[in-house]
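Below: one structure in structure tokens.
The values are calculated or read from the model by the stated rules, or taken from the named source; none is laboratory data. All values reported here derive from a predicted model rather than from experimental measurement. With ideal geometry, Cβ positions are generated from the backbone for all residues, glycine too; neighbour counts draw on all protein chains shown. The protein model used for the area step is the full one, side chains on, heavy atoms only, and it has no ligands, DNA or RNA in it. Shrake-Rupley method; radii C 1.70, N 1.55, O 1.52, S 1.80 Å.
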Amino acid sequence: MKPTDRISEHFTYAEVTHSNLAKGLGMNNDLPIELLPKIQQMADMILEHIRAHFNKPIIITSWWRCPALNQMISNNPNSQHTKGEAVDFIVKDIPNIEVAKYISKHLTFDQLVLEKSWVHVSFVSEGNRKEVLTCSDGRNYRKGLK
């Protein structure tokens, strides 16, 4: 796919695969084509709804991560980012807590984490857990939105 190819109405392939760290290291963070349906599902089931509700641009901070990139960023080798099932983002000019509350009340999701600087949300085809967590220090997670 080309960077400008759309995966949904408001999101491009470039947003899915962008990583300053990967780029700086010359790492290939291209999405395996077999994961494209999961990426499109995330866009359609989660991100496009958020975009429509707030009517503001969504800034993706991390979406797809190749296993090598994920290993550098996360201690979790089973991260949903490596499966095309998770995305971290902010909504321009909207507090993260507002975004997280909207997701929690109105969307189907697997995991929702209110982080200090972004919102993390994941979606799976079947068996979404609707797990809601808050993490304000990058290490300690508490149940619920706080």
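Lys83: touching a residue at least 24 places away in the same chain (Cβ under 8 Å) and among the basic types (Lys, Arg), yes or no?
Judged against the criteria, Lys83 is a match.
Quick check on Val87: is it touching a Phe, Trp or Tyr at 6+ places or on another chain (Cβ under 6 Å) and β-branched (Val, Ile, Thr)?
For Val87, the condition - touching a Phe, Trp or Tyr at 6+ places or on another chain (Cβ under 6 Å) and β-branched (Val, Ile, Thr) - is met.
Against the conditions (1) open to solvent by 50 Å² or more (accessible area, probe 1.4 Å); (2) in contact with a helix residue (DSSP H, G or I) (Cβ under 9 Å, 6 or more places away or on another chain); (3) farther than 20 Å from Leu21 by Cα, where does Met72 fall short? Just the number, please.
Going through the list (1) open to solvent by 50 Å² or more (accessible area, probe 1.4 Å); (2) in contact with a helix residue (DSSP H, G or I) (Cβ under 9 Å, 6 or more places away or on another chain); (3) farther than 20 Å from Leu21 by Cα, Met72 breaks only (3).
So how many residues does region 12-33 have that are under 17 Å from the mean Cα position of the chain (by Cα), open to solvent by 50 Å² or more (accessible area, probe 1.4 Å) and within 12 Å of Cys66 (Cβ to Cβ)?
2
Name the residues in region 103-146 that are in a helix (DSSP H, G or I) and buried (at least 16 other Cβ atoms within 10 Å of the Cβ), would you?
Listed by number, the residues that qualify are Ile103, Ser104.
Then there is this: Does region 80-88 contain at least one residue that is modelled with pLDDT of 95 or more and open to solvent by 50 Å² or more (accessible area, probe 1.4 Å)?
Checked region 80-88: at least one residue is modelled with pLDDT of 95 or more and open to solvent by 50 Å² or more (accessible area, probe 1.4 Å).
Only one of (1) closer than 30 Å to Asn28 by Cβ; (2) within 15 Å of the chain's Cα centre (by Cα) fails for Ala100. Which number is that?
(1)
Is it the case, given these coordinates, that His53 is more than 15 Å from the chain's Cα centre (by Cα), open to solvent by 80 Å² or more (accessible area, probe 1.4 Å), under 22 Å from Val99 (Cα atoms) and of a type outside the set (A, V, I, L, M)?
yes
Continuing with the same structure: Can you name the residue in region 91-145 that is more than 23 Å from Phe54 (Cα to Cα) and of a type in the set (Lys, Arg) and, of all such residues, is modelled with the lowest pLDDT?
Among those residues, the one meeting the criterion is Arg139.
Suppose the filter is more than 22 Å from Gly138 (Cβ to Cβ) and touching a helix residue (DSSP H, G or I) at 6+ places or on another chain (Cβ under 6 Å); does Met1 pass it?
For Met1, the condition - more than 22 Å from Gly138 (Cβ to Cβ) and touching a helix residue (DSSP H, G or I) at 6+ places or on another chain (Cβ under 6 Å) - is met.
Could you please give the count of residues in region 1-52 that are touching a residue at least 24 places away in the same chain (Cβ under 8 Å), more than 20 Å from Thr108 (Cβ to Cβ) and outside any helix (DSSP H, G or I)?
Of the residues in region 1-52, 8 are touching a residue at least 24 places away in the same chain (Cβ under 8 Å), more than 20 Å from Thr108 (Cβ to Cβ) and outside any helix (DSSP H, G or I).
Looking only at region 1-38, which residues are over 25 Å from Val124 (Cα atoms) and either charged (D, E, K, R) or at pLDDT 95 or above (or both)?
Lys2, Lys23
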